[in-house]
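Working notes, structure below.
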Amino acid sequence: MIPKKLDFENLKIESPDSLPKMERRKFLKMGFAVTGLLAGGKILSLLSIADESFASSKEQYPYKPHYSMLIYQNRCIDCELCMEACVKTNNVPSYGYRTTILKRKVPKAVEQQVEFIPILCNQCNRPPCVTGCPTKATYKDKQNGIVMMNYKKCIGCKTCMTACPYNARYYNEEIHSVDKCDFCFASRLSKGIATTACAEACPAKVRIFGDLADSGSEVYRMVHQVEKTVWVIRPESGAAPNIFYTRG
Amino acid sequence: MAEHATKTQEVAEIAIPTKWDIVISRFTGLSKSFYLILGLFALMAVAGIVAGLHAMYIGFNHAYNVTREVPWGILISTYVFFVVTSTGLCLVSSIGHVFGVKDFMPIAKRSVFLSIVTIIAGFTVIFFEIENPFRMAIYNVISPNLTSNIWWMGTLYGAYLFFMILEFIFLQLDKHKIATYAGFMGVVSGIAAHSNLGAVFGMLHGREFWYGPYMPIYFIASAMMSGCATILFFTYLAHRVNSEGIDKLVARALEVTTKVGILAICIIMFFTAWKIITGFVGAEGKREALMVLLTGKYAFNFWLLEVGAGMVIPLIMYILSKGRNMKMIFAGSALMIFGIFFMRYDLVVVGQIVPAYYELGVSEYELLLSYFPSIHEILVVLGGIGIVGTTFLLGEKIFNAHRVEEHEHEAVASHLEALETAKTEASR
């Protein structure tokens, strides 16, 4: 067999200069994503966090309004007025909570050594609780994307509580059903009130409630910018949460 | 005339005792220990049911130690334990009754009976775990969620129970062909239901310890292991209860079941080893949970009960028994059942002890969570065991020791004879 001669004249140049623009962009994007991930795990990437919340590849925000919440983590002072407002508005019993504030101590940090992290149901786009519920007692509202409860259908198997990556659910003995945050839909939004009780009660403007499908909203603007890091909790669960965190 | 008629009636009654008379006669003249053990199991069953009802009355949050963070406790794991056993018994019985391997036939009837008994015990335990069981009956039917593994598991287990009862009834009526069809449907729905039970855990993508395709496969393999141990345990026990020796046919059935048991234990050992090894390169949460199992709070459960009592010692005993030393097989099986109970417990509990916000490093969830069952929960578990014990003993008497029919007996005997002739010819 005679080896084929190399045609040096017509060989394709394989230097980075010859790469098409899209390829280069893709490569850079990948680099950004990797460095973002390596910088501590919690910072997802230097690209917009919006990717994390995409419900499907076809349509970015399928719900109108696509309710979501942005939390300015550093503004929280743990005054618990949000928790109080939630309990009052939604009749939450003393043994349960729909929202709470976690405390993180960083003794080695320079200056401020404690920070507070408000948590609530992440109204996930791929909610494991909804997938697991045997009787559709919990479901994702087709219009606004809120993960709702139909109390009378709840059999109390607690699969949703086990499934939730955010510990956002508890069993309410009084109503004989699992209960959770519904962005105050039953108590406020359905009655025409524009925001949730916790967001309204917060004196430090930690919680910004809004519509992620509305490009004019603060939530949209913050989630779709790249100057400031915006993150979600437990992105690895693949649930595509709708509660975003930032500092500022 | 009338006097004459009564006399004939009397004579007839004396001459042909009814089926009930025969069944009742089997309960008379038994040893004291039989009544004592039966009474003890019945008492356990009643105590469990009373404890469950009491827990319902005062509220599960007061009676049980499950929490918001660890919502599934010993009742879920015991339910898993019973239904895995049931599926396993169904699979073992199907080898003989459905797929026609004659060697397994002598133990098949008892297997079918026990598979019904164990799943009923499982359903009883889960009845006292679910907060609103009555709603389940309604909304499972009118509001089914087809993406939910719990829904599929519940529905398919319902179908499974139906087919197993059907199979058992037709076996009693000696209608083998239709019993085989029912048995086949039982196997299909049982495997489907059981893999869905595995998927209940495997599909929870927020729980690293469980998440993945491993669970459904593991559950099926695990069922075989449970099924073999349970039928070996109860067959030996039944012969003691009925004060009978083990005949050649049953001995052969136990020998081959022991062999299947050895294979099943090896498969589960293999699964367990790889689950641990792969777990160490996974997410942080999974590693933490595994460390608790291997070196932490659950290390005793894991090494002594799961590995020691559940796998290694029974494996050695099964091998040493050569499938013939009945006492050794019985002891190995008893140890194995005991170990498997904790296998299920660890699987359920350890899967939840890493808090959702553990990796966030917050003060509230710095430590791993803990769970220990309450008295109410333990009593309900004992109730489940009581149900199995009581119905097993009653079943032995009511169904006349689950004896094989005459023609079946002949078929199996001639099969064994043929086997032996083939063996001797081969050795020549």
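The values are calculated or read from the model by the stated rules, or taken from the named source; none is laboratory data. All of these numbers come straight from a predicted model, not from anything done at the bench. Please note: Cβ atoms are built from the backbone with ideal geometry, for glycine as well, and neighbour counts cover all protein chains shown. Please note that ligands, DNA and RNA were not included when accessible areas were found on the heavy atoms of the full protein model with its side chains. Shrake-Rupley method; radii C 1.70, N 1.55, O 1.52, S 1.80 Å.
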Restricted to the range B:316-359 and to residues being in contact (Cβ under 8 Å) with a residue 60 or more places away in the chain and aromatic (Phe, Trp, Tyr), the residue nearest to the other protein chains (Cβ to nearest Cβ) is B:358
Checked the range B:18-31 for anything part of a loop (DSSP other than H, G, I, E, B) and open to solvent by less than 70 Å² (accessible area, probe 1.4 Å); matches are B:27, B:30, B:31
Among B:180, B:155, the single one that is surrounded by fewer than 22 Cβ atoms within 10 Å (Cβ to Cβ) and within 14 Å of chain A (Cβ to nearest Cβ) is B:155
When residue A:69 is run through (1) in contact with a Lys or Arg (Cβ under 8 Å, 6 or more places away or on another chain); (2) at pLDDT below 85; (3) surrounded by 15 or more Cβ atoms within 10 Å (Cβ to Cβ), the failure sits at (2)
Over the range B:50-67, the set of residues open to solvent by 70 Å² or more (accessible area, probe 1.4 Å) and more than 12 Å from residue B:129 (Cα to Cα) is B:50, B:54, B:57, B:62
Filter the range A:136-145 for residues that are crowded, with 24+ Cβ neighbours inside 10 Å and modelled with pLDDT of 95 or more; the one that is nearest to the other protein chains (Cβ to nearest Cβ) is A:137
Taking the range B:240-268 and keeping residues at pLDDT below 90 and polar (S, T, N, Q) leaves B:242, B:243
If we ask which residues in the range A:110-125 are free of Cβ contacts under 8 Å to residues at least 40 places away in the same chain and either open to solvent by 80 Å² or more (accessible area, probe 1.4 Å) or away from chain B (no Cβ under 12 Å) (or both), their number turns out to be 4
Residue B:280 - would you say it is open to solvent by 10 Å² or more (accessible area, probe 1.4 Å), over 16 Å from the mean Cα position of the chain (by Cα) and modelled with pLDDT of 95 or more? no
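Assess whether residue B:201 counts as being within 27 Å of residue B:65 (Cα to Cα), under 22 Å from the mean Cα position of the chain (by Cα) and within 14 Å of chain A (Cβ to nearest Cβ). Walk me through it before giving the result.
Numbers: within 27 Å of residue B:65 (Cα to Cα): yes; under 22 Å from the mean Cα position of the chain (by Cα): yes; within 14 Å of chain A (Cβ to nearest Cβ): yes.
In short, yes.
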Per the list (1) under 22 Å from the mean Cα position of the chain (by Cα); (2) at pLDDT below 95; (3) open to solvent by 20 Å² or more (accessible area, probe 1.4 Å), residue check on residue A:219 breaks on (3)
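Matching residues to (1) under 16 Å from the mean Cα position of the chain (by Cα); (2) crowded, with 21+ Cβ neighbours inside 10 Å:
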{"site": "A:183", "(1), (2)": "yes, yes"}
{"site": "A:186", "(1), (2)": "no, no"}
{"site": "A:192", "(1), (2)": "no, no"}
{"site": "A:195", "(1), (2)": "no, no"}
{"site": "A:200", "(1), (2)": "no, no"}
{"site": "A:205", "(1), (2)": "no, no"}
{"site": "A:226", "(1), (2)": "no, no"}
{"site": "A:235", "(1), (2)": "yes, no"}
{"site": "A:246", "(1), (2)": "yes, no"}
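Within the range A:151-170, which residues are in a loop (DSSP other than H, G, I, E, B) and at the interface with chain B (Cβ under 7 Å from one of its Cβ atoms)?
Within the range A:151-170, A:154, A:155, A:156, A:157, A:158, A:164, A:165, A:166, A:167 meet the criteria.
Among the residues of the range B:361-372, which ones are more than 7 Å from chain A (Cβ to nearest Cβ) and either open to solvent by less than 40 Å² (accessible area, probe 1.4 Å) or of a type in the set (A, V, I, L, M) (or both)?
B:365, B:367, B:368, B:369, B:371, listed by residue number.
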Per the filter on the range A:142-193, residues touching a residue at least 24 places away in the same chain (Cβ under 8 Å) and small (Gly, Ala, Ser) are A:145, A:163, A:168, A:177, A:186, A:187
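Let's see how each residue does on (1) touching a Ser or Thr at 6+ places or on another chain (Cβ under 8 Å); (2) not in a loop (DSSP other than H, G, I, E, B):
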{"site": "B:197", "(1), (2)": "no, yes"}
{"site": "B:207", "(1), (2)": "yes, no"}
{"site": "B:212", "(1), (2)": "no, no"}
{"site": "B:223", "(1), (2)": "yes, yes"}
{"site": "B:259", "(1), (2)": "no, yes"}
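Could we say that residue B:401 is under 29 Å from the mean Cα position of the chain (by Cα) and free of Cβ contacts under 8 Å to residues at least 40 places away in the same chain here?
no
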- Can residue A:182 be described as acidic (Asp, Glu) and farther than 21 Å from residue A:94 by Cα? no
Tell me, yes or no, whether the range B:41-50 has at least one residue that is within 14 Å of chain A (Cβ to nearest Cβ) and either under 11 Å from the mean Cα position of the chain (by Cα) or of a type in the set (A, V, I, L, M, F, W, C) (or both). no
When (1) open to solvent by 30 Å² or more (accessible area, probe 1.4 Å); (2) within 22 Å of the chain's Cα centre (by Cα) are applied to residue B:386, the one that fails is (1)
Taking the conditions exactly as written (over 30 Å from residue B:44 (Cβ atoms) and either under 24 Å from the mean Cα position of the chain (by Cα) or among the basic types (Lys, Arg) (or both)), does residue B:350 satisfy them or not? no
Within the range A:92-109, restricting to residues that are touching a residue at least 12 places away in the same chain (Cβ under 8 Å) and over 19 Å from residue B:67 (Cβ atoms), the one that is least open to solvent (accessible area, probe 1.4 Å) is A:101
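Being at pLDDT 95 or above and open to solvent by 60 Å² or more (accessible area, probe 1.4 Å) narrows it down to one residue among B:399, B:342, B:338; which is it?
When all the criteria are applied, what remains is B:338.
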### Query
Going by the conditions given, is residue B:142 within 14 Å of another protein chain (Cβ to nearest Cβ), at pLDDT 95 or above and either under 22 Å from residue B:195 (Cβ atoms) or touching a strand residue (DSSP E or B) at 6+ places or on another chain (Cβ under 8 Å) (or both)?
no
